[in-house]
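First comes the structure, then the notes that go with it.
Quick note: the coordinates plus some simple rules give every number you see, no bench work behind them. Predicted, not measured: the structure shown is a model, and the values here were computed from it. All Cβ positions, glycine included, derive from the backbone under ideal geometry; neighbour counts span all protein chains shown.
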Amino acid sequence: MKKSIEEFLNFYTSKVHSELFSPQQTIGEVIHILNSKTILKSVAIEINIDNALKIKANEHIFSNIMMILLSNSLDEFEKNKENKIKISINIIDNFVQVIYKDNAGGIKIEPIEKVFEYFVSTKEQDGNGMGLAITKLLVEDKLGGSISVKNIDGGVEFEILIKQDIKYI
């Protein structure tokens, strides 16, 4: 199955090249797509990204990673609670550091890194265990980065590091 997914991703992404883009704008577009789900679950999303920051990467892949993370959080939130997501992007040396946090209850899988394996899901229903496995594949194989996860304060924190040249416009 992993081989099939990798072949699909190679076909799917072979036509899209790295480009200079605004991660703030890209994340804003993903949030817009998920707007009705965000409203339904009463989620406040905080974005801390320098307006001038541009990164060079495959924007389509970056947006898919953000889509999976946001969608997973939205699925886990309960209605009528103070639901929050915080996304920060910082520059550390020659790395783009994406910190993604939510307060949706954290990941109950032990060890937590298993969440990046195929067919491992935290969802009791409608979960196939593909989203975070694909996210890890995209981050590592397509963006040349790394991704880690840990539980924090009633939620989860993902850290994505992508090595590259940073440009401010």
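Tabulated values for the structure
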item: For segment 37-44, Karplus couplings with θ = phi - 60° (6.51, -1.76, 1.60), whole Hz, Gly/Pro x; result: 5, 5, 5, 4, 9, 6, 9, 9
item: Cross-link pairs 54/79; 84/114; 84/136; 86/114; 101/136 - those with Cα-Cα distance over 28 Å; result: 54/79
item: Placed amide H near residue 77: partners under 5 Å, 5+ positions off or other chain; result: none
item: Neighbourhood net charge (14 Å Cβ-Cβ; Lys/Arg +1, Asp/Glu -1) for residue 67; result: -2
item: Relative contact order for segment 46-122, counting Cα pairs under 8 Å that sit 6 or more residues apart, in percent; result: 28
item: Distant-in-sequence amide H partners of residue 145 (H built 1.01 Å from N, under 5 Å); result: 140
item: DSSP-defined beta bridges in segment 14-124 - what % are antiparallel, rounded to 5; result: 65
